[in-house]
Structure formats: C-alpha cells, structure tokens
Amino acid sequence: GGTSAQSNTNTFTVDVTAPAVPVITSPINGSSTNDTTPTVSGTAEANSTVRVFVNGSLTPSCTTTATAGGSWVCELSALAAGSTYSLTARATDAASNVSAASAGVNITIDTQVPAAPVVSAPAHNSFVNTASPTITGTAEANSSVNVSIDGSSVGTTTANSSGIWSLALSVSIAAGQH
C-alpha cells in the first residue's frame, strides 16, 4: 500500500438562479411584416442561450446567444403568410437554468399587396378654391398612403381602422388642372 499523490483540483460554480426573463424589443407587438422569416431581437442575461418560440410551441423557431452586453438577434423559421403569431423568448444560462417566458409579442405575416387606394376628394374633374386642398379617400385599413400630385409626393398619411384617410396639404399647388 501507500497513499497516492493528491488529485487534481477542479473549480466549479453552483448557480441555481434562473436568468431574468428576456425581453423581445423587435418586432413591436401588434406589428405586421411581409417577411415570412422575420428577425427577432431583444435583451437577455449576458451570454445566455435565447430560444424564441412561436404560438407556445415546445420547439424553438430560432436559437441564438446573447452578447456580453445582453443583446440578441435571431431569424425565425419560415411562417405561413396570412396568419398572426405570438412570439415568446426564454433564456438559459451556463448552468442550464431556464428563465420564465417573456411577454408575448404578436405579429402578423401579411404578404398580400393592398389594393390601390381610392381618392374621393377632390372629386375627379372638380374645382377647388384653395391652393392647399385636403385630399381624402379610402385604402386598406391601417395602411400607409403616399399622396402624389403630378407625379410628386406631397405627403404620407395612414388609413384608420375603417380604411379612411385624409391629408391636409402643407404645400401650395399652382393654379390649373392636376
């Protein structure tokens, strides 16, 4: 017999604390995109593994690692167009502790081109007695409408939830037909 030499020394850390709940900062809750593989970004515990889940699935749609500063970005797997999705994120630290799910962020994948907006006022071939008329019309609900006169943009406005839009011109247009 005899006694062996001392074994090597191993250092380890006990970590039983789950990381803070990650935050999805983009896309914005309630937003729409025409990208079927949208990029999601946010903040989480530094160097943690971040997984983004779609509609409560147990399988992540994308996985990434937060930077030393805690920011992260990942691109989702393909999503079907014409649907709304709820995104959540979870962080896992080096000790395999998993955070609670983040607040849900809802996004809609909309790849359909909206119908052309309709200008209702001033009416076609009508006369107006101001060089800065208000232009009104209809378009897809909540869509952005770029108003042009004689081929030049004079402003952008947003249709309301009923599809009605209005733009009070901030520029004067010359007298004559437009």
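The values are calculated or read from the model by the stated rules, or taken from the named source; none is laboratory data. All values derive from a computational prediction rather than experimental measurement. Each accessible area value is taken on the protein alone, full model and side chains, heavy atoms only, with ligands, DNA and RNA left out. Shrake-Rupley method; radii C 1.70, N 1.55, O 1.52, S 1.80 Å.
Could you state how much accessible area Arg51 has, in square angstrom rounded to the nearest 10, with a 1.4 Å probe and all protein chains kept in place?
Probe radius 1.4 Å; accessible area of Arg51 about 80 Å².
Probe 1.4 Å, all protein chains in place: accessible area of Ser77 in Å², nearest 10?
60 Å²
Assign one of three labels to the stretch 1-148, namely rounded, prolate or oblate, based on the Cα gyration tensor with a ≥ b ≥ c the square roots of its eigenvalues; rounded applies when a/c is under 1.5, prolate when it is not and a/b is larger than b/c, and oblate otherwise.
prolate
Between the stretch 141-178 and the stretch 105-139, what is the C-alpha centre distance in whole Å?
6 Å
Considering only Ile149, Ile109, Ile24, give the residue with the highest GNM mean-square fluctuation for the chain, with springs between Cα atoms whenever their separation is below 10 Å.
Evaluated over the chain, the most mobile residue of the options is Ile149.
Whole-Hz Karplus ³J(HN,Hα) for the stretch 139-152, in order, using 6.51 cos²θ - 1.76 cosθ + 1.60 and θ = phi - 60°, x for Gly and Pro?
7, 4, 3, 6, 8, 8, 10, 9, 9, 10, 10, 6, x, 10
Please list Phe12, Phe53 in order of solvent-accessible area, largest first, computed with a 1.4 Å probe with all protein chains present.
Values: Phe12 160, Phe53 25 Å².
Putting Phe12, Phe53 in descending order of accessible area: Phe12, Phe53.
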